[in-house]
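Please read the structure below before turning to the comments.
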Amino acid sequence: MTPVPVTLLTGFLGAGKTTLLNRLLRHPDMADTAVLVNEFGEIGLDHLLVEALDEDTVLLNAGCLCCTVRGDLVRALRGLAARMEAGRPLRRVAIETTGLADPAPILQTLMAEPLLLRHFRLDGVVTLVDAVAGMATLDAQPEAVKQAAVADRLVLTKTDRAAPDRVAALRARLAALNPGAPLLEAVRGEIAPAALLGCGPFDAAGKAPEVARWLAAEAGAAHAHGHHHDPNRHDARIRAFCLTFEEPLPWDGLATWLEVLAMTRGESVLRVKGILHLQGEERPVAIHGVQHLFHPPVRLAAWPRGEDGREDRRSRLVFILRDLDRAAVEKGLDAFLASAREQAGIAAAGRG
(Lines give C-alpha, C1' and ligand atoms only; values in the text may rest on other atoms or scores of the structure.)
Protein backbone atom coordinates (compact mmCIF):
# COMPACT_ATOMS: atom_id res chain seq x y z
CA MET A 1 0.00 0.00 0.00
CA THR A 2 1.36 3.41 -1.01
CA PRO A 3 1.44 5.74 2.03
CA VAL A 4 -1.23 8.44 1.96
CA PRO A 5 0.16 12.00 1.92
CA VAL A 6 -0.64 14.15 4.97
CA THR A 7 -0.78 17.95 4.77
CA LEU A 8 -0.53 19.94 8.00
CA LEU A 9 -2.51 23.19 7.85
CA THR A 10 -1.48 25.66 10.53
CA GLY A 11 -1.50 29.37 11.28
CA PHE A 12 -2.30 31.62 14.21
CA LEU A 13 -5.81 32.35 15.49
CA GLY A 14 -7.92 34.15 12.92
CA ALA A 15 -5.61 33.47 9.97
CA GLY A 16 -8.44 31.86 7.98
CA LYS A 17 -7.58 28.16 8.14
CA THR A 18 -11.17 26.95 8.29
CA THR A 19 -12.30 29.25 5.48
CA LEU A 20 -9.50 28.02 3.23
CA LEU A 21 -10.14 24.40 4.19
CA ASN A 22 -13.85 24.64 3.37
CA ARG A 23 -13.02 26.11 -0.05
CA LEU A 24 -10.45 23.41 -0.75
CA LEU A 25 -12.83 20.58 0.10
CA ARG A 26 -15.23 21.70 -2.65
CA HIS A 27 -12.52 21.20 -5.26
CA PRO A 28 -12.51 17.93 -7.28
CA ASP A 29 -8.80 17.48 -6.57
CA MET A 30 -9.65 17.06 -2.87
CA ALA A 31 -12.05 14.14 -3.35
CA ASP A 32 -11.50 11.28 -0.88
CA THR A 33 -9.66 13.58 1.52
CA ALA A 34 -9.91 13.04 5.28
CA VAL A 35 -9.67 16.10 7.50
CA LEU A 36 -8.63 16.05 11.15
CA VAL A 37 -9.39 19.20 13.12
CA ASN A 38 -8.32 19.61 16.72
CA GLU A 39 -10.91 22.25 17.55
CA PHE A 40 -14.32 22.87 16.08
CA GLY A 41 -14.55 26.58 16.83
CA GLU A 42 -16.52 28.24 14.02
CA ILE A 43 -16.24 25.49 11.44
CA GLY A 44 -20.02 25.41 10.89
CA LEU A 45 -20.22 22.04 9.14
CA ASP A 46 -23.08 20.63 11.22
CA HIS A 47 -25.35 20.42 8.20
CA LEU A 48 -22.93 17.92 6.60
CA LEU A 49 -22.96 15.43 9.46
CA VAL A 50 -24.36 12.08 8.46
CA GLU A 51 -22.93 9.65 10.98
CA ALA A 52 -21.42 9.97 14.47
CA LEU A 53 -18.68 7.34 14.76
CA ASP A 54 -17.82 7.97 18.42
CA GLU A 55 -17.60 10.84 20.89
CA ASP A 56 -14.59 12.34 19.15
CA THR A 57 -15.10 11.57 15.49
CA VAL A 58 -17.74 12.34 12.88
CA LEU A 59 -17.86 11.33 9.22
CA LEU A 60 -18.82 14.04 6.72
CA ASN A 61 -20.68 13.33 3.51
CA ALA A 62 -18.00 15.25 1.60
CA GLY A 63 -15.78 12.23 2.22
CA CYS A 64 -13.93 13.93 5.04
CA LEU A 65 -13.27 12.99 8.62
CA CYS A 66 -13.46 15.75 11.21
CA CYS A 67 -12.43 15.04 14.78
CA THR A 68 -11.52 16.76 18.00
CA VAL A 69 -8.03 15.40 18.42
CA ARG A 70 -7.65 15.89 22.22
CA GLY A 71 -4.02 14.93 21.90
CA ASP A 72 -5.01 11.59 20.36
CA LEU A 73 -3.93 12.06 16.78
CA VAL A 74 -2.52 8.54 16.64
CA ARG A 75 -5.87 6.97 17.44
CA ALA A 76 -7.63 9.06 14.79
CA LEU A 77 -5.12 8.09 12.10
CA ARG A 78 -5.24 4.46 13.13
CA GLY A 79 -8.98 4.59 12.60
CA LEU A 80 -8.42 5.97 9.12
CA ALA A 81 -5.89 3.23 8.40
CA ALA A 82 -8.37 0.57 9.48
CA ARG A 83 -11.03 1.99 7.18
CA MET A 84 -8.55 2.06 4.29
CA GLU A 85 -7.74 -1.60 4.88
CA ALA A 86 -11.47 -2.30 4.85
CA GLY A 87 -11.73 -0.78 1.40
CA ARG A 88 -12.60 2.88 2.00
CA PRO A 89 -10.78 5.04 -0.60
CA LEU A 90 -8.49 7.71 0.79
CA ARG A 91 -6.22 9.90 -1.30
CA ARG A 92 -5.07 12.48 1.24
CA VAL A 93 -5.26 13.58 4.88
CA ALA A 94 -5.36 17.23 5.93
CA ILE A 95 -4.78 18.15 9.58
CA GLU A 96 -5.96 21.58 10.72
CA THR A 97 -4.31 22.64 13.97
CA THR A 98 -5.59 25.05 16.56
CA GLY A 99 -4.17 28.53 16.09
CA LEU A 100 -2.11 28.26 19.27
CA ALA A 101 -0.50 24.98 18.28
CA ASP A 102 3.19 24.27 18.06
CA PRO A 103 3.36 22.15 14.88
CA ALA A 104 6.36 20.14 16.09
CA PRO A 105 4.45 17.56 18.22
CA ILE A 106 2.18 16.71 15.29
CA LEU A 107 5.15 16.36 12.96
CA GLN A 108 6.87 14.16 15.52
CA THR A 109 3.76 11.99 15.83
CA LEU A 110 3.66 11.46 12.08
CA MET A 111 7.32 10.42 12.08
CA ALA A 112 7.48 8.31 15.23
CA GLU A 113 4.53 5.91 15.19
CA PRO A 114 5.47 2.71 13.28
CA LEU A 115 1.91 1.93 12.17
CA LEU A 116 1.42 5.46 10.89
CA LEU A 117 4.64 5.25 8.89
CA ARG A 118 3.25 2.27 7.00
CA HIS A 119 0.07 4.09 6.03
CA PHE A 120 0.92 7.80 5.94
CA ARG A 121 3.70 10.15 4.89
CA LEU A 122 4.15 13.84 5.62
CA ASP A 123 3.57 15.82 2.44
CA GLY A 124 4.23 19.24 3.90
CA VAL A 125 3.32 22.08 6.24
CA VAL A 126 1.09 24.90 4.96
CA THR A 127 1.02 27.99 7.20
CA LEU A 128 -1.52 30.79 6.84
CA VAL A 129 -0.60 34.34 7.87
CA ASP A 130 -3.17 37.11 8.32
CA ALA A 131 -2.08 40.14 6.25
CA VAL A 132 -3.96 42.53 8.54
CA ALA A 133 -2.72 41.29 11.91
CA GLY A 134 0.31 39.29 10.81
CA MET A 135 3.06 41.72 11.79
CA ALA A 136 1.64 42.27 15.28
CA THR A 137 1.09 38.54 15.72
CA LEU A 138 4.67 37.74 14.77
CA ASP A 139 5.86 40.40 17.21
CA ALA A 140 3.84 39.06 20.12
CA GLN A 141 3.40 35.32 19.57
CA PRO A 142 6.40 32.94 19.42
CA GLU A 143 4.10 30.16 18.19
CA ALA A 144 3.24 32.20 15.10
CA VAL A 145 6.93 32.69 14.30
CA LYS A 146 7.55 28.97 14.62
CA GLN A 147 4.53 28.13 12.46
CA ALA A 148 5.87 30.36 9.71
CA ALA A 149 9.44 29.14 10.06
CA VAL A 150 8.66 25.45 9.58
CA ALA A 151 6.30 25.92 6.61
CA ASP A 152 6.77 24.41 3.17
CA ARG A 153 4.16 26.84 1.85
CA LEU A 154 3.27 30.26 3.30
CA VAL A 155 -0.17 31.61 2.42
CA LEU A 156 -1.09 35.25 3.00
CA THR A 157 -4.79 35.77 3.75
CA LYS A 158 -6.96 38.91 3.93
CA THR A 159 -4.67 40.81 1.56
CA ASP A 160 -7.78 42.52 0.17
CA ARG A 161 -8.31 44.11 3.60
CA ALA A 162 -4.73 45.24 4.27
CA ALA A 163 -2.90 48.31 3.05
CA PRO A 164 -0.39 47.53 0.26
CA ASP A 165 2.57 48.79 2.30
CA ARG A 166 1.55 46.52 5.21
CA VAL A 167 1.35 43.53 2.88
CA ALA A 168 4.75 44.37 1.36
CA ALA A 169 6.37 44.65 4.80
CA LEU A 170 4.89 41.33 5.90
CA ARG A 171 6.06 39.65 2.70
CA ALA A 172 9.61 40.88 3.30
CA ARG A 173 9.56 39.68 6.88
CA LEU A 174 8.28 36.21 5.97
CA ALA A 175 10.82 35.93 3.14
CA ALA A 176 13.61 36.61 5.61
CA LEU A 177 12.17 34.23 8.20
CA ASN A 178 11.61 31.34 5.76
CA PRO A 179 13.30 32.07 2.41
CA GLY A 180 12.76 28.54 1.10
CA ALA A 181 8.95 28.56 1.26
CA PRO A 182 6.91 29.91 -1.67
CA LEU A 183 4.74 32.84 -0.57
CA LEU A 184 1.19 32.55 -1.92
CA GLU A 185 -2.04 34.53 -1.49
CA ALA A 186 -5.59 33.36 -0.80
CA VAL A 187 -8.40 35.92 -0.96
CA ARG A 188 -11.49 34.76 0.96
CA GLY A 189 -9.99 31.31 1.12
CA GLU A 190 -9.70 30.81 -2.63
CA ILE A 191 -6.55 28.99 -3.79
CA ALA A 192 -5.92 26.05 -6.10
CA PRO A 193 -5.18 22.82 -4.19
CA ALA A 194 -2.25 22.10 -6.52
CA ALA A 195 -0.45 25.14 -5.11
CA LEU A 196 -0.47 23.62 -1.62
CA LEU A 197 0.05 19.92 -2.31
CA GLY A 198 3.07 17.84 -3.25
CA CYS A 199 5.53 19.93 -1.23
CA GLY A 200 7.10 17.19 0.89
CA PRO A 201 10.63 15.82 0.47
CA PHE A 202 9.63 12.19 -0.18
CA ASP A 203 8.33 12.29 -3.75
CA ALA A 204 10.84 12.57 -6.56
CA ALA A 205 8.22 13.86 -9.01
CA GLY A 206 8.59 17.55 -9.68
CA LYS A 207 11.58 17.89 -7.38
CA ALA A 208 13.58 20.32 -9.50
CA PRO A 209 11.54 23.37 -8.40
CA GLU A 210 11.71 22.23 -4.78
CA VAL A 211 15.46 21.79 -4.88
CA ALA A 212 15.82 25.17 -6.54
CA ARG A 213 13.93 26.71 -3.62
CA TRP A 214 16.16 24.92 -1.14
CA LEU A 215 19.24 26.26 -2.85
CA ALA A 216 17.70 29.73 -3.08
CA ALA A 217 17.14 29.57 0.68
CA GLU A 218 20.88 29.80 1.23
CA ALA A 219 21.25 32.98 -0.79
CA GLY A 220 18.02 34.40 0.59
CA ALA A 221 19.02 33.77 4.19
CA ALA A 222 22.45 35.31 3.62
CA HIS A 223 20.84 38.38 2.08
CA ALA A 224 18.34 38.69 4.90
CA HIS A 225 20.96 38.42 7.60
CA GLY A 226 22.87 41.31 6.10
CA HIS A 227 20.09 43.63 7.24
CA HIS A 228 19.44 45.08 10.63
CA HIS A 229 17.01 43.10 12.78
CA ASP A 230 14.64 44.85 15.13
CA PRO A 231 15.61 43.42 18.56
CA ASN A 232 11.97 43.57 19.65
CA ARG A 233 11.04 41.01 17.00
CA HIS A 234 11.59 37.31 17.55
CA ASP A 235 12.69 36.44 14.00
CA ALA A 236 16.37 37.02 14.75
CA ARG A 237 16.40 33.85 16.87
CA ILE A 238 15.54 31.70 13.84
CA ARG A 239 17.95 30.86 11.02
CA ALA A 240 17.13 29.16 7.71
CA PHE A 241 19.90 28.04 5.37
CA CYS A 242 20.90 25.30 2.95
CA LEU A 243 24.20 23.39 2.84
CA THR A 244 25.25 21.87 -0.49
CA PHE A 245 27.84 19.12 -1.01
CA GLU A 246 29.33 18.21 -4.38
CA GLU A 247 30.86 14.86 -3.33
CA PRO A 248 28.94 11.83 -1.97
CA LEU A 249 28.60 11.87 1.81
CA PRO A 250 29.52 9.07 4.23
CA TRP A 251 26.25 7.98 5.86
CA ASP A 252 27.95 6.83 9.07
CA GLY A 253 29.40 10.26 9.78
CA LEU A 254 26.25 12.14 8.79
CA ALA A 255 23.90 9.86 10.74
CA THR A 256 26.07 10.03 13.86
CA TRP A 257 26.17 13.81 13.68
CA LEU A 258 22.39 14.03 13.23
CA GLU A 259 21.93 11.83 16.32
CA VAL A 260 24.26 14.06 18.34
CA LEU A 261 22.50 17.20 17.07
CA ALA A 262 19.10 15.80 18.05
CA MET A 263 20.27 14.69 21.49
CA THR A 264 22.18 17.83 22.41
CA ARG A 265 20.32 20.62 20.59
CA GLY A 266 17.03 19.05 19.60
CA GLU A 267 14.99 21.91 21.04
CA SER A 268 16.70 24.22 18.53
CA VAL A 269 16.02 22.05 15.47
CA LEU A 270 12.70 23.30 14.11
CA ARG A 271 13.15 21.33 10.89
CA VAL A 272 15.83 19.59 8.88
CA LYS A 273 15.15 18.18 5.44
CA GLY A 274 17.43 17.02 2.71
CA ILE A 275 18.10 15.08 -0.47
CA LEU A 276 21.40 13.25 -0.14
CA HIS A 277 23.94 11.57 -2.37
CA LEU A 278 25.45 8.95 -0.08
CA GLN A 279 28.57 6.91 -0.71
CA GLY A 280 27.65 3.53 -2.18
CA GLU A 281 24.11 4.66 -3.08
CA GLU A 282 23.04 5.24 -6.66
CA ARG A 283 19.60 6.59 -5.75
CA PRO A 284 18.95 9.80 -3.81
CA VAL A 285 18.03 9.46 -0.14
CA ALA A 286 15.58 11.85 1.55
CA ILE A 287 15.71 12.70 5.25
CA HIS A 288 13.43 14.79 7.42
CA GLY A 289 13.72 15.74 11.08
CA VAL A 290 11.89 17.77 13.72
CA GLN A 291 13.53 18.62 17.04
CA HIS A 292 14.64 15.36 18.73
CA LEU A 293 13.24 13.03 16.07
CA PHE A 294 14.29 12.06 12.55
CA HIS A 295 12.19 10.16 10.05
CA PRO A 296 13.77 6.94 8.70
CA PRO A 297 15.71 7.70 5.50
CA VAL A 298 13.77 7.10 2.28
CA ARG A 299 15.26 6.16 -1.10
CA LEU A 300 13.73 8.20 -3.90
CA ALA A 301 13.07 6.77 -7.33
CA ALA A 302 15.12 9.31 -9.29
CA TRP A 303 17.41 12.30 -9.00
CA PRO A 304 16.03 15.78 -9.62
CA ARG A 305 17.17 17.38 -12.84
CA GLY A 306 18.79 20.76 -13.18
CA GLU A 307 18.02 23.48 -15.69
CA ASP A 308 20.27 21.73 -18.23
CA GLY A 309 18.18 18.56 -17.98
CA ARG A 310 20.95 16.54 -16.34
CA GLU A 311 20.69 14.70 -13.06
CA ASP A 312 21.69 16.94 -10.17
CA ARG A 313 23.41 14.64 -7.68
CA ARG A 314 24.51 17.23 -5.17
CA SER A 315 23.48 16.70 -1.57
CA ARG A 316 21.34 19.47 -0.06
CA LEU A 317 20.55 19.85 3.62
CA VAL A 318 18.08 22.55 4.65
CA PHE A 319 18.10 23.71 8.28
CA ILE A 320 15.54 25.82 10.13
CA LEU A 321 17.02 26.46 13.57
CA ARG A 322 16.27 28.54 16.62
CA ASP A 323 19.08 29.91 18.81
CA LEU A 324 21.70 27.88 16.95
CA ASP A 325 24.23 29.49 14.62
CA ARG A 326 25.03 28.22 11.17
CA ALA A 327 28.76 28.27 11.96
CA ALA A 328 28.27 25.79 14.82
CA VAL A 329 26.29 23.46 12.57
CA GLU A 330 28.87 23.55 9.79
CA LYS A 331 31.77 23.03 12.19
CA GLY A 332 30.19 20.01 13.84
CA LEU A 333 29.07 18.42 10.59
CA ASP A 334 32.44 18.92 8.93
CA ALA A 335 34.19 17.29 11.90
CA PHE A 336 31.99 14.19 11.79
CA LEU A 337 32.26 13.86 8.02
CA ALA A 338 36.04 14.20 8.15
CA SER A 339 36.24 11.57 10.90
CA ALA A 340 34.08 9.15 8.93
CA ARG A 341 36.18 9.60 5.80
CA GLU A 342 39.37 9.10 7.82
CA GLN A 343 38.02 5.89 9.35
CA ALA A 344 36.99 4.65 5.92
CA GLY A 345 40.47 5.36 4.61
CA ILE A 346 42.09 3.47 7.48
CA ALA A 347 39.77 0.52 6.89
CA ALA A 348 40.55 0.51 3.17
CA ALA A 349 44.29 0.62 3.85
CA GLY A 350 43.93 -2.29 6.26
CA ARG A 351 42.16 -4.38 3.63
CA GLY A 352 44.90 -3.51 1.14
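For residues in segment 50-98 being in a loop (DSSP other than H, G, I, E, B) and at pLDDT 75 or above, which is surrounded by the most Cβ atoms within 10 Å (Cβ to Cβ)? Can you show your working first?
The initial filter retains those residues of segment 50-98 that are in a loop (DSSP other than H, G, I, E, B), namely 53-56, 61-64, 68-72, 86-91, 97-98.
Then drop every residue that is not at pLDDT 75 or above, which leaves 86-91, 97.
Details: A86: 7, G87: 6, R88: 14, P89: 9, L90: 17, R91: 13, T97: 23.
Of everything passing the filter in segment 50-98, T97 is surrounded by the most Cβ atoms within 10 Å (Cβ to Cβ).
Could you please find all residues in segment 315-330 being closer than 12 Å to L243 by Cα and surrounded by fewer than 19 Cβ atoms within 10 Å (Cβ to Cβ)? Working first, answer last.
In the first step, residues of segment 315-330 are kept if they are closer than 12 Å to L243 by Cα; the result is 315-320, 326-327, 329-330.
Once the filter is applied, which keeps residues that are closer than 12 Å to L243 by Cα and surrounded by fewer than 19 Cβ atoms within 10 Å (Cβ to Cβ), segment 315-330 yields R326, A327, E330.
Of everything in segment 32-49 that's closer than 20 Å to I106 by Cα and touching a Lys or Arg at 6+ places or on another chain (Cβ under 8 Å), which residue is modelled with the lowest pLDDT?
Keep residues of segment 32-49 that are closer than 20 Å to I106 by Cα, which gives 33-41.
Filter once more, keeping what is touching a Lys or Arg at 6+ places or on another chain (Cβ under 8 Å): 33-34, 38.
Working: T33: 86, A34: 85, N38: 61.
Ranking the qualifying residues of segment 32-49, first place goes to N38.
Within segment 268-316, work out how many residues are touching a strand residue (DSSP E or B) at 6+ places or on another chain (Cβ under 8 Å), among the acidic types (D, E) and either part of a strand (DSSP E or B) or without any contact (Cβ under 8 Å) to a residue 24 or more places away in the chain (or both).
1
Which one is surrounded by the most Cβ atoms within 10 Å (Cβ to Cβ) among residues in segment 191-203 that are of a type outside the set (G, A, S) and at pLDDT below 90?
Among residues in segment 191-203 that are of a type outside the set (G, A, S) and at pLDDT below 90, the one surrounded by the most Cβ atoms within 10 Å (Cβ to Cβ) is P201.
Out of curiosity, is E330 modelled with pLDDT of 90 or more and either touching a His at 6+ places or on another chain (Cβ under 9 Å) or farther than 17 Å from G124 by Cβ (or both)?
Working: modelled with pLDDT of 90 or more: yes; either touching a His at 6+ places or on another chain (Cβ under 9 Å) or farther than 17 Å from G124 by Cβ (or both): yes.
Answer is yes for this residue.
Just give me the residues in segment 265-293 being touching a helix residue (DSSP H, G or I) at 6+ places or on another chain (Cβ under 6 Å) and either crowded, with 18+ Cβ neighbours inside 10 Å or within 22 Å of A181 (Cβ to Cβ) (or both), in sequence order.
So in segment 265-293, the residues touching a helix residue (DSSP H, G or I) at 6+ places or on another chain (Cβ under 6 Å) come out as 270, 278, 290-293.
Result: L270, L278, V290, Q291, L293.
Looking only at residues that are touching a Ser or Thr at 6+ places or on another chain (Cβ under 9 Å) and farther than 16 Å from T137 by Cβ in segment 156-186, which one is surrounded by the most Cβ atoms within 10 Å (Cβ to Cβ)?
Selected residue: A181.
Assess whether V132 counts as being closer than 26 Å to L170 by Cα and in contact with a Cys (Cβ under 9 Å, 6 or more places away or on another chain).
Details: closer than 26 Å to L170 by Cα: yes; in contact with a Cys (Cβ under 9 Å, 6 or more places away or on another chain): no.
Against the criterion (closer than 26 Å to L170 by Cα and in contact with a Cys (Cβ under 9 Å, 6 or more places away or on another chain)), V132 does not qualify.
If I filter segment 1-31 down to residues being of a type in the set (V, I, T) and crowded, with 19+ Cβ neighbours inside 10 Å, which single residue comes out as modelled with the lowest pLDDT?
In the first step, residues of segment 1-31 are kept if they are of a type in the set (V, I, T); the result is 2, 4, 6-7, 10, 18-19.
When the remaining residues are screened for being crowded, with 19+ Cβ neighbours inside 10 Å, the result is 4, 6-7, 10, 18.
On the way: V4: 92, V6: 92, T7: 92, T10: 92, T18: 79.
Among residues in segment 1-31 that are of a type in the set (V, I, T) and crowded, with 19+ Cβ neighbours inside 10 Å, the one modelled with the lowest pLDDT is T18.
Write out, first by first residue and then by second, each pair whose Cβ atoms fall under 6 Å of each other, whose residues are 6+ apart or on separate chains, and whose first residue, in segment 237-251, is outside the structural domain of L177 (by TED's automatic domain parsing) and of a type in the set (A, V, I, L, M, F, W, C) while the second is modelled with pLDDT under 90 and in a loop (DSSP other than H, G, I, E, B).
Pairs found: A240/N178; A240/P179.
Could you grab me the full set of residues in segment 299-314 that are surrounded by 15 or more Cβ atoms within 10 Å (Cβ to Cβ) and more than 21 Å from P179 (Cβ to Cβ)?
L300, W303, R313
Within segment 168-181, can one find any residue that is of a type outside the set (D, E) and without any contact (Cβ under 8 Å) to a residue 12 or more places away in the chain?
At the first step, the residues of segment 168-181 found to be of a type outside the set (D, E) are 168-181.
From what's left, without any contact (Cβ under 8 Å) to a residue 12 or more places away in the chain: 168, 172.
Checking segment 168-181: at least one residue is of a type outside the set (D, E) and without any contact (Cβ under 8 Å) to a residue 12 or more places away in the chain.
The values are calculated or read from the model by the stated rules, or taken from the named source; none is laboratory data. Bear in mind the structure is a predicted one, so any value in this text is a computation, not a measurement. A quick note on method: Cβ atoms are made from the backbone with ideal geometry, for glycine too, and the neighbour counts reach across all protein chains shown.
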